[in-house]
Amino acid sequence: MLPVADGSDLMGSLRNPAAFNNVIGFRPTPGLVPLSKTFIEELPCNGPMGRNVQDTAMLLSTMAGYHSASPSSLNADPSQFTASLKRDFNGKKIAWLGDFSGYLPMEKGVLELCQKALQGFRDIGCSVVEDVNLGFPMDKLWEAWLTFRHWTMRSIAKPLLHREDLLALLKPEFVWEIEGGAQITADQLFVASTLRGEWYAALREAFKVYDYLVLPTAQVFPFDAGKHWPDKIAGQAMDTYHRWMEVVIPGTLSGCPVINVPAGFGAQGLPMGLQIIGKRYADFSTLQIAYAFEQATRYNLDLHPDALGSA
């Protein structure tokens, strides 16, 4: 309906919908797009979506830039995103993280489709190292995420806490977040922040070897709108209402730019995407490799034959 749109991303809300709709969704480095008046780096990010990478970058050029009212905003020149995205990626190294060595359950066909799409990186001259293990306890990262999520959701809901009439209208999942947030202690936030710092340290080590990290954008293909949320993936029960989106958490907690690029269509003609994680502050470079991949694969530029079967 639109060539571009702006949005926000806490738990993949720029990336997951983009994957499900065969478009681009970009979560920038926190602070590139001014967000609030707080002095902390918040987990939500504002960013652009578009039908293609070039339009996405152009929208980012109007969203990004320092704002004196936002102390965490970055003093970066937004005009950089209007420059040509063309670049030679010959010799660059891609780390394929996949399902984190079997940690994340995936619907049948998701991994296979994404691995097939990795050929797009090879076509632009990159080498792809598959099944890279970063040696980090991903279950601990999820625990840190739950702490941050509860804390953030309760903060968002603060204006409602004394309005019983409004609280009664909220969906049970949001009430669960608010109640969980009430139990968060300063010690728990410190532990979660320390774990996040250790995760970033693991990524810094990875970026000494690889130029970009790649993994699926979703663990399931787009599902029926009547389904509340996927409560089971590959036979594994989801223990929270958002566990089925765990694949976006590593990107959110990384503090690095993450972009969704279309990865083609599954057996039922449904789209899927890849997340490309770039180095912190390397937003333009991340857009450039997304553009090169897009030009090589053209999943979102042409009417892809794999999608015709569902027409």
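Does Ile233 satisfy the condition of being modelled with pLDDT of 95 or more, surrounded by 23 or more Cβ atoms within 10 Å (Cβ to Cβ) and of a type in the set (A, V, I, L, M, F, W, C)?
no
Would you pick out the residues in segment 35-56 that are buried (at least 24 other Cβ atoms within 10 Å of the Cβ) and either under 15 Å from Phe293 (Cα atoms) or aromatic (Phe, Trp, Tyr) (or both)?
Those that are buried (at least 24 other Cβ atoms within 10 Å of the Cβ) and either under 15 Å from Phe293 (Cα atoms) or aromatic (Phe, Trp, Tyr) (or both): Val53, Thr56.
List pairs: first residue in segment 26-43 and in the same structural domain as Arg280 (by TED's automatic domain parsing) and within 13 Å of Leu10 (Cα to Cα), second residue modelled with pLDDT of 95 or more and among the basic types (Lys, Arg) anywhere in the structure, Cβ distance under 6 angstrom, at least six positions apart or on different chains.
Thr29/Arg280
Looking at Lys108, is it in a helix (DSSP H, G or I), over 18 Å from Val23 (Cα atoms) and either in the same structural domain as Thr297 (by TED's automatic domain parsing) or among the polar types (S, T, N, Q) (or both)?
Considered against the rule, which asks whether it is in a helix (DSSP H, G or I), over 18 Å from Val23 (Cα atoms) and either in the same structural domain as Thr297 (by TED's automatic domain parsing) or among the polar types (S, T, N, Q) (or both), Lys108 comes out as no.
One residue is enough: does segment 17-27 have a residue meeting the conditions buried (at least 17 other Cβ atoms within 10 Å of the Cβ) and either among the charged types (D, E, K, R) or out of contact with any strand residue (DSSP E or B) (no Cβ under 9 Å at 6 or more places or on another chain) (or both)?
Within segment 17-27, one or more residues are buried (at least 17 other Cβ atoms within 10 Å of the Cβ) and either among the charged types (D, E, K, R) or out of contact with any strand residue (DSSP E or B) (no Cβ under 9 Å at 6 or more places or on another chain) (or both).
For the condition among the charged types (D, E, K, R), surrounded by 18 or more Cβ atoms within 10 Å (Cβ to Cβ), more than 19 Å from the chain's Cα centre (by Cα) and over 29 Å from Pro262 (Cβ atoms), what is the one hit in Glu164, Glu177?
Criteria check complete, one pass: Glu177.
Taking Arg204 as meeting all but one of (1) under 30 Å from Tyr291 (Cβ atoms); (2) touching a residue at least 60 places away in the same chain (Cβ under 8 Å); (3) not assigned by TED's automatic domain parsing to the domain that holds Gln268, write down the number of the exception.
That leaves (2) as the condition not met.
Restricting to segment 120-135, what's the tally of residues that are in a helix (DSSP H, G or I) and more than 21 Å from the chain's Cα centre (by Cα)?
2
The values are calculated or read from the model by the stated rules, or taken from the named source; none is laboratory data. All of these numbers come straight from a predicted model, not from anything done at the bench. Every residue, glycine as well, gets a Cβ built from its backbone with ideal geometry; the counts of neighbours run over all protein chains shown.
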